[in-house]
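Structure, as structure tokens:
Every number in this text was worked out from the coordinates using simple rules, so none of it is lab data. Everything numeric in this text was worked out from a predicted model, so none of it was measured. Note that each Cβ is placed from the backbone with ideal geometry, even for glycine, and that neighbours are counted across all protein chains shown.
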Amino acid sequence: MVQVNRDEQLDPEELQHRRRLQGRKSQKTFRERQKQEHKRIISTVQSLQSAIAQLEEKKAILARQAPLDLVLDVIPDFDGGLATKTVRQYIVLFKQGYNSSKIKMSAKQKSFLQNVANSDVQYNYGIGIDYILESWQRYTSSFVSVSLDIPDCVLIKTDAGAVVKGVVRSHLKISAKSLTTFFPNCPQHLKQKLNGQILTILSTMHWYFDENDRLVKLTGSANFACGLLDILHNIDDVANVLTGSILSSKVVPQPSKKMNLDYIT
């Protein structure tokens, strides 16, 4: 008995229509399989990302409990974790100083400090987030412009609270107010040399964190002497500018007929 192919019984138009429907069905099935595969890939990636985040958190917890040398033995490329990240964010946010009249930016800066620091955080000789902002306000308003970066930032302690040491470079455009505020006894002829100049200073800063990586203390000391020497090119002039200034006497060189640079650290 001869079997007849049903497609052979259809006229060409019906055959073409049926094949078109079959093609559409196959494409739909293929797209559906692709969609499901895409969902599975996304789910796998999300699961891996979650697992990585959990492992990173465990690594950070372990790092906070071990001495730095041991941490580096186990994790040679350890980047300092949350503590160093916080320090770099701090410098980025305060790169241009702080101005309370800039509502949006100053609110962002204050919010950042509230998120990373304890309310009783110590800042040199003062306490509290508001004290930090007030200090920044005075500092910023004393110069025409302020620009900061941090060429060196290193974690020097991990266990029982991380400590980060950073060298902060500041570019400060001097004004008459700057000279009156920081160098009240600066001779008039040196004020004329300094006014309008860019003073570049290096500050050594330390950020101290508790066991939960919250900032509890911030200290810093700036070397104005080297920056002034770059502008004035005369050790005695630098000494005359710094004499009686509000800066620490440790950075004030004594006038001498000889070019003695031992005071520069």
Next on the checklist: If you average the C-alpha positions of the stretch 114-187 and of the stretch 210-233 separately, how far apart do those two centres end up, in angstrom?
Outcome noted: 7
Next on the checklist: Counting other beta carbons within 10 Å of each residue's own, what order do TYR90, TYR131 fall into, fewest first?
Outcome noted: TYR131, TYR90
Checklist entry - So if R0 is 22 Å, what FRET efficiency would GLN54 and LYS85 give, r being the distance between their Cβ atoms, rounded to the nearest 0.05? => result 0.75
Checklist entry - Can you list the residues of the stretch 182-203 with backbone N under 11 Å from a point 7 Å past the Cα of ARG138, pointing along Cα to Cβ? => result 182
Next on the checklist: What does the net charge come to around LYS177 if you take all other residues with beta carbon closer than 15 Å to its beta carbon, with K and R at +1 and D and E at -1?
Outcome noted: +3
Checklist outcome for this item: With the convex hull built on the alpha-carbon atoms of the stretch 76-251, volume per residue in Å³ sits at 119
Next on the checklist: Highest mean first, how do 80-87, 196-203 rank when packing is the count of other Cβ atoms within 10 Å averaged over residues?
Outcome noted: 80-87, 196-203
Checklist entry - Put +1 on the Cβ of every Lys and Arg and -1 on every Asp and Glu Cβ in the stretch 12-55; which of THR29, GLN16, VAL45 then has its Cα farthest towards the positive end of the dipole? => result GLN16
Item to check | Centre separation in Å (Cα based) which lies between the stretch 16-54 and the stretch 87-103 | outcome: 47
Item to check | Sites ILE156 and ARG31, calculated FRET efficiency, Cβ-Cβ separation with R0 51 Å, nearest 0.05 | outcome: 0.35
Checklist outcome for this item: XL table LYS177/LYS217; LYS104/LYS157; LYS110/LYS191; LYS108/LYS165; LYS39/LYS110; LYS110/LYS157; Cα-Cα > 31 Å flagged, in table order, is LYS104/LYS157; LYS110/LYS191; LYS39/LYS110
Checklist entry - Nearest 0.05, what FRET efficiency do LYS104 and ASP236 give at R0 = 41 Å with Cβ-Cβ as r? => result 0.35
